[in-house]
1. Counting partner chain Cβ atoms within 10 Å of every residue's Cβ in B:191-199, what's the average?
2. Which FRET efficiency value, to the nearest 0.05, do you get for B:Lys151 and B:Ile81 by plugging their Cβ-Cβ distance into 1/(1 + (r/R0)^6) with R0 = 51 Å?
3. How high is the FRET efficiency between B:Glu304 and B:Phe421 when r is their beta carbon distance and R₀ equals 60 Å, given to the nearest 0.05?
4. On the full set of protein chains, 1.4 Å probe, figure out the accessible area of B:Val625 and give it in Å² to the nearest 10.
5. Against the empirical 2.2 N^0.38 Å scaling, what ratio does the C-alpha Rg of the range B:396-478 come to?
6. Counting only other chains, and only Cβ atoms inside 10 Å, what mean value do you get across the residues of B:164-170?
7. Roll a 1.4 Å probe over the protein heavy atoms and report the accessible area of B:Phe613 in Å², nearest 10.
8. If you stretched the chain out fully between B:Thr524 and B:Asp571, how much longer would it get, using 0.36 nm times the residue separation minus the C-alpha to C-alpha distance?
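The values are calculated or read from the model by the stated rules, or taken from the named source; none is laboratory data. Being a predicted model, the structure only gives us computed values, none of them experimental. Virtual Cβ from ideal backbone geometry, glycine too; neighbours counted across all protein chains shown. In case anyone asks, the SASA skips ligands and DNA or RNA and just uses the protein heavy atoms, side chains included. Shrake-Rupley method; radii C 1.70, N 1.55, O 1.52, S 1.80 Å.
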Amino acid sequence: MASRGRACAAAGYWPLAAPYHSQGEPFASMVDVLCNHDLMDFPSFHADGKRKNKLVELYHIFSYLGSSLGNILQYQRTLNPSDQNLHSKLSSSVGTMRGILSNVFCHLCNKYHVGHMDVAPVSDTSAMSTFENKRLGCRLLGKYKQVITELAQAF
Amino acid sequence: MLTWWITIVQALFMFFATESIGVLLDPCGLIYPESPVVQLGSNFTAVCVLKEECMNDYAVNSENIFWKTNHATVPKEQYTIINRTASSVTFTDISSLNTQLTCNFYAFGQIEQNVYGITIISGLPPEKPTNLNCIVNEDRYMMCQWDPGRKTGLETNYTLKSEWITEKFADCKPKHDTPNSCILDYLPVFFVNIEVWVEAENALGKVTSDHINFDPVDKVKPHAPHNLSVRNSEELSSILKLAWINPSIEGFIRLKYDIQYKTKDASSWSQIPPEDTSSTRSSFTIQDLKPFTEYVFRMRCMKEDGKGFWSDWSEEASGITYEARPSKEPSFWYKIDPSHTHGYRPVKLMWKTLPPFEANGKILDYEVTLTRWKSHFQNYRVNDTKLTVNLTNDRYIATLTARNLVGRSDASILTIPACDFQASHPVTDLKAFPKDNRLWVEWTAPNESVNKYIVEWCVLSDHSPCIQDWQQEDGTVHLTYLRGDIKESKCYLITVTPVYPDGPGSHESVRAYLKQAAPSKGPTVRTKKVGKNEAVLEWDKLPVDDQNGFIRNYTILYKTAFGNEIAVNVDSSHTEYTLSSLTSDTLYMVRMAAYTDEGGKYGPGFTFTTPKFAQGEIEAIVVPVCLAFLLTTLLGVLFCFNKRDLIKKHIWPNVPDPSKSHIAQWSPHTPPRHNFNSKDQMYPDGNFTDVSVVEIEANVKKPLPEDLKSLDLFKKEKISTEGHSSGIGGSSCMSSSRPSISSSDENESGQNTSSTVQYSTVVHSGYRHQVPSVQVFSRSESTQPLLDSEERPEDLQLVENVDSGEGILPRQQYFKQNCSQHETSQDIPHFERSNQVSSVSEEDFVRLKQQQISDHISQSCGSGQMKMFQEVSTADVFGLGTKGEVEIFETVGMDEGMPKSYLPQTVRQGGYVPQ
């Protein structure tokens, strides 16, 4: 339970949880339309499942989010190389995701003796256009906003 | 120099030898190990292995090897010959950090050849790092630091390692300038435990510190709260509300706070109780503050559970509490001008401004109310702190209140008694003393109930008036300190007056110093009276401005010019002191010091001389001496009087009466003097008395100058008064006032006269009524007739006849006077009469003599008389020189047929005046 509480607290510290601001046209008027498309490969979560399963699903979700944020950080370093503040916050968020994963894995290991977790790879977005990358980022943040609330309620 | 040449030769030899071999700088052998690092205190063994080629070329083997450390040859006892090519050396207890070790041999038996050299590096293995700790400054990377332990002497590398359970992080290498700390290059992730440790490694070993496992959030040092603001409340003058903005970390950790405050001028801070600020908040209300007081605040925060570190202090913020009504009445006092005018008395009411902590705001004004009777009062509103009013001689009640924006103070009530009020009941045991750089006043309260005390003080000075300051104390106080600008070395006159409900009581005063010092100058000592063996010193008390403290005593130092200094301590109440046991006729140097509790100061020196004689001592000596002298004189006189006959017999022999003498011949036919020598012939009765001769040098013929005449006369007078004359009419016993020219001082008389006069004594054959048959006069100018007349007063009648003579009027008058006296006192004894004459006419006699001498010498004697004396001097007085030069000789008639007297007064020359 302690690990769960820590994870929730860490989610609150995530900078990307701040309200999303539009980036201008065409996002100014079509944010919801462009970002509401669901991510097809996002791990599933069953809130009514067993605790161990929920923890495993939680691990997968944060693993996906961490990897995706890593990709976003790399892409932002190219797209906005001078925005050190954004880079720092993305980096901090990536580190926080890693911390949550470490805590979840430690909990699974200590309580459920899970010694290894398979992690599905995140699709490579390097070949995508800038717009698609931005759109993917927007969708990811939207998904995060949605799932983090669900996760908090599930634990 | 020789060593230098040997070195050069060796180098050249080596160069050519290697060239000949064809290998450049190919060593003849090696040392193993090549780069040894040895722990201090351990043993070390090195082996030198020679190459075969070199051994053959130089004809050496391992036995020829010798070792050197830092150019010093190692003793052979440490060598070990391993085989023909190898030799080892062993060192025990390596103590130096860096040592150069060389392997050498003598080429051809005499040339030192260096084979190989190594440097032995020695040191210590690293100690286990301790006290590893980490801190996470908000929004910054985590930094960890540790204690490295002892110095190793070797290059030691520290590595900070960290890891989660699930992954390891990159090592953190300290920078050279901070070898004992390291900053991780990734942002710490809160709520994920991390394990951290330090590895220390050098050539002698590797050691790892203890692992610490912590959540970085427990090592956080948050930013300080910012934007502090302070706001007061009009409703409550004792509170201030402090607000701030928390650091951003407050978003995911809870904070607690440390709030401190102080008044603006205070130096120490007060702290809000920690339990009141133990949770996250953004404002706090501070209570129990003083009204209208400016407070300064600061605060800091940390994680609520106390894990982590306090933030830095925030910037300070200040605020002023709101005003409140004055909390205390002002101090209130009055002074009455002693000058009464027409039944009124000027009263100066005065009060003190309230201190800020009692004013509780800005005092707008003061209200004074004077009540004469219950129904009669006067109100004054004053902005100043004093008010002068003219009051009647009646009793008044004065009240004073101070007003600020919020309200009025309590009233300070003061009773101004009537003019005829008699103050009483003073405080007792009043004393003042310095303590803790303050001047304290303590007293014993009177038995009566006291409303309050008024403590007044002023600086006593001879140069300025005593300007009083004052303060008020409650009636329960009996110890306080003067709350004013009290200065050191100043004499304060402190007065305490109890104030009773019906008016002030009697006051008591005391003097005190906050801090005493030595006097500014010493007393000036002087003598009041100086005696032969004592001196009374006196001095003035020092002015109070120069005292600088209470004069406890004086010290008088006095000494003679060569003597030791003597110190005398005198009580401060004295202003004079008597130095006793002084030496007479001695110069004394005196100086004087005045002493306070803190030291003394000498005044200017002073000298005085004791007299040789005490007062009256001279008189005590002189008077008895004079009395003794007078007594002796009197006794002498009496003796002379009693023995006058005997004395007369010795020094005043009987002189024959010329009038009764018998000179056989007084004419040019008088037989020569030489005939006269035979007394037996001429005076067969033996009645020839004496012969006196006065010689006056005849070679001085010209008259003397006037001044010399007077001098001459004076001398004659002196001679005559000295009484040395043994001639006719000589002196009395002691001093005869009767002048006489004596033949006993021939030299002097000869010097004083211009001619020599032979002075002859009248020789007569008859004596005492023996009438000579023939008057025979030897040349004589004796005064015998006068003497004779003393014996026989009847002869004085002859003087009357003489008076009628010519040319001798002054002397005749003189003698006439004497004679007249003699006539009027015939029954007086001769001796007395003689004295009488001398005493009465001594001065006249001198004058007479002067006149006579001057007459004879300078005037009348200029012709006939001088001529006569010249002739007399050159002629034989006793016979040869009497051939008529004496022109005038009065032959005095004889009474009853007898010659009365003989007065040879009309001598022409010689200036001799018979007496």
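1. 4
2. On the way: r = 39 Å, r/R0 = 0.76.
Computed FRET efficiency for B:Lys151 and B:Ile81 comes out at 0.85.
3. Working: r = 71 Å, r/R0 = 1.19.
Efficiency, rounded to the nearest 0.05: 0.25.
4. Using a 1.4 Å probe on the heavy atoms, I get roughly 90 Å².
5. Numbers: Rg = 16.4 Å, N = 83, 2.2 N^0.38 = 11.8 Å.
Computed over Cα atoms of the range B:396-478, the ratio equals 1.39.
6. Details: counts 7, 6, 10, 4, 0, 0, 0.
Per residue, the average neighbour count from other chains is 4.
7. Only protein atoms counted, so the area is about 90 Å².
8. Details: separation 47, 0.36 × 47 = 16.92 nm, distance 1.59 nm.
So the chain would gain 15.3 nm between B:Thr524 and B:Asp571.
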